[in-house]
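**Q** This is the structure I want to talk about, given as structure tokens.
The values are calculated or read from the model by the stated rules, or taken from the named source; none is laboratory data. The shown structure was predicted, so the numbers you read here are calculated from the model rather than taken from an experiment. Ideal geometry is used to build each Cβ from the backbone, glycine not excepted, and the neighbour counts take in all protein chains shown. Calculation scope for accessible area: heavy atoms of the full protein, side chains included, ligands and nucleic acids excluded. Shrake-Rupley method; radii C 1.70, N 1.55, O 1.52, S 1.80 Å.
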Amino acid sequence: MSDALRLSVVVVSAGRPRALDRCLTALSQMQTTRAEVIVVADPAGMAVAQRHPQAARLTILPQDRPNISAARNAGIAAAAAEIVAFIDDDAVPEPGWAAAMLAAFADRAIAAATGPVIGRNGISLQWGRMAVDRQGRDRWLPAQEQIAPGEVPKIHGTNMAFRREILSRTGGFDPGFAFFLDETDLALRLGEAGLQIAYLPKAVVHHGFAASVRRTEDRVPLDLFDIGASTALFLRKHAPADRDVAVARLEAAQRARLLRLARRRKLTAQEMRKLMESLRAGISEGAKRASSAPIIAPCQRSFQPLRETLPPEMAFADGWWFSAQKLRTHAAAKIADGQPTTLILLAPSPRKHRVEFTQGGWWEQRGGLYGPSDRTGARFQPWRYQNRISAETQRLFGEIAIERVFS
């Protein structure tokens, strides 16, 4: 049944054209021919999408206003597939992401799905299997633990998918959530309707937390208005009796966060005051902000797959750090030929490993021969070179096509 399903992937982008370009390249390497890509972007993002090698197969829409819920609804309206997935512009999917989503939705009981989100080092879990309650408080779910009463599975906004018919029936994203808690509001609405949200361990996305109008590249906040406004609206909708306690908790948590940043000399006292003022202004505005669940109209366009044929299986190259330039030139040539490629560069040291999908379009892992890739592992590991390469290859992708050069 999964063979009959199709996937519309929606990418909303504002102020991050370089990140969007990388995201689109990663999407072009998905191991499926049953996915289309819809970009909803500001002018800079639209220009990047229109120049991308896959531009002729993209559906590109303008983002009329800085509102992620409205932009996502525009993407849903343009989605011609039965399943609509979302990924942020500063994230990239692993090659099997779309196929894992389609396989899961073969189960008709599943209305929505989310999956693991890997953090900046490309290895550690940023967000996993989690639950969220009516106050918007989330928690990690230990293995085998079930959702508690009053909770629903937490949906990660940068890695989520829904049946389009469900969105048409229950309404799309609430535009009152211009940023923050938009997907959590939808998760609670699905839960109230008795619909199933699945967690898919094989549908993996890597998320970079790129800079935006709300934060710097190292995650220092620039404005807290939207967090305050969305929280106030969320509590008004889902936990009005708990509003005062929850708002006080939000202010305390944000103040503690800013103090930690100040101790690290990331913020001045004046900047802290302005940020807290922006939070309180948002809370005040969100208490009276309009709220709705827009009905999604039927799609008026034909499905346009991003690929007509599957990409080749992943090629693999490895070598010592001093050969990096030669190996990267090799990887770039492979990408230019349409060959997805992974490169592992090792140094004779115990340095921790990192994995990233590069701007050039290949996956690259860097670290010491004796350093940990899994952050729970020992800080010094007595590997032999070839054994380490085999272990990391298996950890990254399991059984893949391997091509070794310059080992």
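**Q** Please list, ordered by first then second residue, the pairs with beta carbon atoms under 9 Å, 6 or more apart or interchain, first in the range 264-277 and without any contact (Cβ under 8 Å) to a residue 60 or more places away in the chain, second of a type outside the set (A, V, I, L, M) and in a helix (DSSP H, G or I).
**A** Listed pairs, sorted by first residue: Lys266/Arg260; Met272/Arg255; Leu275/Gln254; Met276/Glu251; Met276/Gln254; Met276/Arg255.
**Q** Do any strands (runs of 3 or more DSSP E) entirely within the range 140-206 hold 1 or more residues that are open to solvent by less than 60 Å² (accessible area, probe 1.4 Å) and closer than 20 Å to Val11 by Cα, and if so, which?
**A** 160-163
**Q** Could you check the range 80-99 and list, in sequence order, the residues that are over 22 Å from Ala19 (Cβ atoms) and in contact with a Cys (Cβ under 7 Å, 6 or more places away or on another chain)?
**A** Ala80
**Q** Of the residues in the range 335-385, how many are at pLDDT 95 or above, farther than 30 Å from Leu306 by Cα and open to solvent by 40 Å² or more (accessible area, probe 1.4 Å)?
**A** 10
**Q** Still on this structure: Condition test on Ala210, is it modelled with pLDDT of 95 or more, on the phi < 0 side of the Ramachandran plot and small (Gly, Ala, Ser)?
**A** For Ala210, the condition - modelled with pLDDT of 95 or more, on the phi < 0 side of the Ramachandran plot and small (Gly, Ala, Ser) - is not met.
**Q** Only one residue in Trp97, Trp127 is closer than 24 Å to Ala14 by Cβ, open to solvent by less than 20 Å² (accessible area, probe 1.4 Å), at pLDDT 95 or above and hydrophobic (A, V, I, L, M, F, W, C), so which one is that?
**A** Trp97
**Q** Under 30 Å from Thr32 (Cα atoms) and not aliphatic (A, V, I, L, M): is that true of Arg301 in this structure?
**A** Values: under 30 Å from Thr32 (Cα atoms): yes; not aliphatic (A, V, I, L, M): yes.
Judged against the criteria, Arg301 is a match.
**Q** Hey, could you check the range 42-63 for residues that are touching a residue at least 40 places away in the same chain (Cβ under 8 Å) and in contact with an Asp or Glu (Cβ under 9 Å, 6 or more places away or on another chain) and say which is most open to solvent (accessible area, probe 1.4 Å)?
**A** Once the filter is applied, the top-ranked residue is Arg57.
**Q** If you go through the range 85-106 one residue at a time, how many are of a type in the set (A, V, I, L, M, F, W, C) and outside any helix (DSSP H, G or I)?
**A** Of the residues in that region, 7 qualify.
**Q** Looking at the range 116-137, which of its residues are touching a helix residue (DSSP H, G or I) at 6+ places or on another chain (Cβ under 8 Å) and closer than 25 Å to Pro93 by Cβ?
**A** Answer for the range 116-137, where residues must be touching a helix residue (DSSP H, G or I) at 6+ places or on another chain (Cβ under 8 Å) and closer than 25 Å to Pro93 by Cβ: just Val132.
**Q** Taking the criterion of being free of Cβ contacts under 8 Å to residues at least 40 places away in the same chain, hydrophobic (A, V, I, L, M, F, W, C) and assigned to a strand (DSSP E or B), would at least one residue in the range 64-83 satisfy it?
**A** no
**Q** Also, I was wondering about something else. Given the options Ala317, Ala293, name the one that is crowded, with 16+ Cβ neighbours inside 10 Å, within 30 Å of Arg34 (Cβ to Cβ) and more than 25 Å from the chain's Cα centre (by Cα).
**A** None of the others qualify; the one that does is Ala317.
**Q** Let me ask something else. So for the range 260-272 (the condition being assigned to a helix (DSSP H, G or I), open to solvent by less than 80 Å² (accessible area, probe 1.4 Å) and either in contact with a Pro (Cβ under 6 Å, 6 or more places away or on another chain) or polar (S, T, N, Q) (or both)), does at least one residue qualify?
**A** No, the conditions are met nowhere in the range 260-272.
**Q** Mind listing whichever residues of the range 105-121 are under 20 Å from Ala193 (Cα atoms) and open to solvent by 10 Å² or more (accessible area, probe 1.4 Å)?
**A** Kept after step one, since they are under 20 Å from Ala193 (Cα atoms), are these residues of the range 105-121: 105, 107-114.
Once the filter is applied, which keeps residues that are under 20 Å from Ala193 (Cα atoms) and open to solvent by 10 Å² or more (accessible area, probe 1.4 Å), the range 105-121 yields Asp107, Arg108, Ala109, Ile110.
**Q** Being of a type in the set (Asp, Glu), modelled with pLDDT of 95 or more and open to solvent by 20 Å² or more (accessible area, probe 1.4 Å) narrows it down to one of Asp218, Asp244, so name that one.
**A** Asp244
**Q** Hey, another quick one. Could you please tell me which pairs satisfy a Cβ distance under 7 Å, a separation of 6+ or placement on different chains, a first residue in the range 285-308 that is over 17 Å from Arg163 (Cα atoms), and a second residue that is assigned to a loop (DSSP other than H, G, I, E, B) and charged (D, E, K, R)?
**A** Ser291/Asp174; Ser292/Asp174; Pro305/Arg34
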